[in-house]
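What follows is a short report on a single structure.
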Amino acid sequence: MPTNLPLLTLPTAADATDATAPRLLILYTGGTVGMVINERQELVPMHFEKLDSQLPELRQLPYRLELLALPQPIDSSNVTPANWLLLARLIGHHYAHFDGFVVLHGTDTMAYSAAALSFLLEHLGKPVVFTGAQVPVGRTRSDAARNLLTALEIAAARHPRAHTVRLPEVGLFFNDVLIRGTRAKKVESQQFAAFKSENYPPLARAGINLDFNDKSIRLLPAARLHVHQQLEEKVAVLRLFPGITEAVVGAVLGVPGLRGCVLETYGSGNAPTAPWFLDCLAKACASGVYILNVSQCEEGRVVQGRYETSAHLTDLGVIGGDDITTEAAITKLMFVLGLGRGEAETRHLLSHDLRGEISPV
Ligand code: ASP
C-alpha cells in the first residue's frame with residue numbers, strides 16, 4: 001500500500017499558520033473506538049472521516065491536527081505484521097512534518113502493535129502514542145474522548161523548561177496510564193482500565209494533572225530515525241501446561257521452516273525435564289530455531305539455572321527472556337529474525353535490551 005494516503009485537516013483552536021502550535025497526526029486503524037453495530041447486532045469497524053463531528057472537543061485543542069484513516073479499518077484481532085510495516089512506513093513518511101503521532105487502534109492486539117512499532121522505529125525521537133476505547137466514540141459513557149484527548153496531549157508534550165520532546169518513544173495510553181510500548185499487556189475486556197504495565201513503571205499518569213515519570217522515559221542520543229522494513233513471520237508461541245504432550249510440543253516446534261518460538265514457561269523460567277521434552281527442544285535448536293524463554297508470571301523474571309528444571313534449557317541453547325512480556329517477545333523475534341543476521345549476533349540481540357523491553361538485573 002502506498003504511503004501517500006490522503007490527510008484530512010481537522011478544525012481546531014490552533015491557527016493553521018501558527019508554526020508554534022504542535023502539529024499532530026492521528027492514524028486511524030480501526031478498533032472499537034470507531035465501531036458501529038451492524039444488522040446482526042455485532043460491533044464492526046467503520047470509516048472514520050467524521051471524527052471531529054463525533055468528538056467536538058477536538059475543536060478546542062491548541063494543536064494543528066490531521067487525520068490519516070487507513071482505507072480498510074479493521075478489528076485489531078485481524079492485525080498482521082503487514083499492518084505494522086505499513087504503520088511504520090506511514091510514520092516514517094510523515095515524520096519530519098509532525099511533532100507527534102497518535103495511533104487509534106483496537107484494544108485486543110494494541111500491546112502487540114505497540115511493541116512491534118517500538119522495534120521497527122529505531123532511533124525514534126518523537127512520541128508515537130497508541131490508544132483506543134472500550135466503548136465506541138459517540139456512545140453514552142464512551143471512553144474514546146478521554147483516551148484520545150489525553151493521548152494527543154501526551155504526543156504534544158514538551159519538557160517545561162528545556163522544550164525538548166517529552167516522550168521520544170512508542171507509548172500506549174489507556175484510561176489513566178501511559179505505558180511503554182514494549183511493556184503493555186491487555187488485562188481487562190470489560191472495565192475501562194484495560195492495560196497494565198508489566199515489570200516496568202508507567203511513563204505517566206493522568207489524573208487532574210498529566211504527571212510524567214520522566215526518569216522512566218528513555219532518552220537516547222539524537223540520531224536519524226531508521227524505519228525497519230522486514231519482519232519474520234515463521235514464529236510461534238508455545239505455552240506450557242501440566243499434561244502437555246509430546247505430540248503438541250513436537251507439532252509446534254516441528255513446523256516446517258519455523259525460525260523462532262516463544263516458550264512460555266513456569267515461574268522463573270522452569271520447564272519439564274522429561275526426556276521427550278528435552279529431545280523436542282534439542283531437535284528444534286539443532287535445526288536452527290531460536291527459542292526465547294518467557295515466564296507465564298506477570299511479574300518477576302526468567303533466571304535459567306536457578307532451578308534444576310531450567311538449568312538444562314541453557315545447555316540446549318534456549319535463550320532466557322529475562323522480564324520481557326510475551327507480546328514484546330514474539331514481536332522482537334519477528335524483528336530480530338527479520339534482520340537476517342548471523343547466529344551469534346541474533347542470539348546477542350535476542351538476549352539484550354533493544355527498546356526498553358528488558359530491565360537490567
Ligand atoms: N475487538 C476490538 C479490537 O481490538 C476490541 C477493542 O477495540 O476494544 O479491534
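The values are calculated or read from the model by the stated rules, or taken from the named source; none is laboratory data. Bear in mind that the values here come from a model prediction, so they are computed numbers and not experimental data. Using ideal geometry, Cβ is built from the backbone for each residue, glycine included, and neighbour counts are taken over all protein chains shown. Surface accessibility is based on the protein's heavy atoms, side chains included, excluding ligands, DNA and RNA. Shrake-Rupley method; radii C 1.70, N 1.55, O 1.52, S 1.80 Å.
Of note:
- Segment 73-84, residues that are open to solvent by 10 Å² or more (accessible area, probe 1.4 Å), in contact with an Asp or Glu (Cβ under 8 Å, 6 or more places away or on another chain) and within 15 Å of the ligand (Cβ to nearest atom): Asp75, Ser77
- Taking the criterion of being under 12 Å from Ser351 (Cα atoms) and open to solvent by less than 20 Å² (accessible area, probe 1.4 Å), the residues of segment 284-316 that qualify are Ile291, Leu292, Asn293, Val294, Val302.
- Phe119 closer than 27 Å to Val336 by Cβ, open to solvent by less than 10 Å² (accessible area, probe 1.4 Å), part of a strand (DSSP E or B) and more than 15 Å from the ligand (Cβ to nearest atom): no
- Candidate set: segment 250-262, residues that are in a helix (DSSP H, G or I) and out of contact with any strand residue (DSSP E or B) (no Cβ under 7 Å at 6 or more places or on another chain); chosen: the one most open to solvent (accessible area, probe 1.4 Å): Ala251
- Number of the condition not met by Leu220 [criteria: (1) open to solvent by less than 40 Å² (accessible area, probe 1.4 Å); (2) out of contact with any helix residue (DSSP H, G or I) (no Cβ under 7 Å at 6 or more places or on another chain); (3) among the aliphatic types (A, V, I, L, M)]: (1)
- Per-region count, segment 263-283, residues assigned to a helix (DSSP H, G or I), open to solvent by less than 30 Å² (accessible area, probe 1.4 Å) and either over 20 Å from Tyr307 (Cβ atoms) or out of contact with any strand residue (DSSP E or B) (no Cβ under 8 Å at 6 or more places or on another chain) (or both): 2
- Residue that is nearest to the ligand (Cβ to nearest atom), among those in segment 20-51 that are in contact with a His (Cβ under 9 Å, 6 or more places away or on another chain) and over 18 Å from Pro6 (Cβ atoms): Gly31
- Among residues of segment 122-150 being open to solvent by less than 10 Å² (accessible area, probe 1.4 Å) and not in a loop (DSSP other than H, G, I, E, B), the one that is farthest from the ligand (Cβ to nearest atom) is Val128.
- Pairs are defined by a Cβ separation below 7 Å, a sequence spacing of at least 6 or placement on different chains, a first member in segment 192-217 that is away from the ligand (no atom under 16 Å from the Cβ), and a second member that is at pLDDT below 95; the pairs so defined are Glu198/Glu298; Asn199/Glu299; Asn199/Ser359; Tyr200/Ser359.
- Number of positions in segment 85-111 that are away from the ligand (no atom under 12 Å from the Cβ) and assigned to a loop (DSSP other than H, G, I, E, B): 2
- For Thr182, the conditions (1) more than 16 Å from the ligand (Cβ to nearest atom); (2) outside any loop (DSSP other than H, G, I, E, B); (3) open to solvent by less than 10 Å² (accessible area, probe 1.4 Å); (4) hydroxyl-bearing (Ser, Thr, Tyr) all hold with the exception of (2).
- Residue that is of a type in the set (S, T, N, Q), away from the ligand (no atom under 13 Å from the Cβ), within 21 Å of Phe192 (Cα to Cα) and in contact (Cβ under 8 Å) with a residue 40 or more places away in the chain, where the choices are Gln60, Gln54: Gln54
- Of all residues in segment 227-249 being among the charged types (D, E, K, R) and open to solvent by 50 Å² or more (accessible area, probe 1.4 Å), the one that is farthest from the chain's Cα centre (by Cα): Glu246
- Selected residue (criterion: modelled with the lowest pLDDT) from residues of segment 1-56 that are exposed (fewer than 15 other Cβ atoms within 10 Å of the Cβ), acidic (Asp, Glu) and closer than 26 Å to Leu167 by Cα: Asp15
- Scanning segment 63-72 for residues that are surrounded by fewer than 21 Cβ atoms within 10 Å (Cβ to Cβ) and charged (D, E, K, R) returns a single hit, Glu66.
- Summed over segment 86-116, the residues that are within 23 Å of Glu232 (Cβ to Cβ) and open to solvent by 10 Å² or more (accessible area, probe 1.4 Å) give a count of 6.
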